[in-house]
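A short write-up of the structure that comes next.
Any read-out appearing in this document is the output of simple, stated calculations on the displayed coordinates, not a laboratory observation. Owing to the predicted nature of the structure, the values given are computational and were not obtained by experimental measurement. Cβ: placed from backbone, ideal geometry, glycine included. Neighbour counts: every protein chain shown.
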Amino acid sequence: MPKFPIVDSKKLIKVLQSLNFTLDHSTGSHFIFYNSATKKRAVVPCHNKDIPKGTAVNILQEAGISKEDFKKLWQR
């Protein structure tokens, strides 16, 4: 099984937006996205570096996205 990809905040935001997450608000350097259909939130830190793998996995879990689904969307 391939390793989880290294993700930056811009790519993670594009994947969330493709899954109908919209920007709800921002607090400091964190963007809070919300999906009204699933009632899920995702808090994405927007720094100028890659997001640690554990943090990215936790963001996906709180958004209700599996790692496999993310890998498929990330490769687009």
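Quick look at the numbers
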{"item": "Percent RCO, i.e. relative contact order, over the chain, from Cα pairs under 8 Å lying at least 6 residues apart", "result": "32 percent"}
{"item": "Local electrostatic count, Thr38, Cβ distance below 14 Å [Lys/Arg +1, Asp/Glu -1]", "result": "0"}
{"item": "Charge context of Lys67, other residues only, Cβ under 12 angstrom, K/R +1, D/E -1", "result": "+2"}
{"item": "Whether the chain is rounded, prolate or oblate, judged on the alpha carbon gyration tensor where a/c under 1.5 counts as rounded", "result": "oblate"}
{"item": "Potential extension, Asn58-Lys3 segment - 0.36 nm per residue separation minus Cα distance", "result": "18.2 nm"}
{"item": "Length released on extending from Gln17 to Lys39, taking residue separation times 0.36 nm less the Cα-Cα span", "result": "6.5 nm"}
{"item": "Residue (of Gln75, Leu12, Tyr34) at the positive-pole extreme of the chain, dipole from beta-carbon charges", "result": "Gln75"}
{"item": "The chain - charge dipole about Cα centre, Lys and Arg +1 at Cβ, Asp and Glu -1, debye rounded to 20", "result": "200 debye"}
{"item": "Pair Ile32, Gln75: separation of 7 Å Cα→Cβ label points (nm)", "result": "3.5 nm"}
{"item": "Sum of -39500 (n - 2.57) over DSSP H runs of 4+, divided by residues of the chain (222 nm, nearest 500)", "result": "-11000 deg cm²/dmol"}
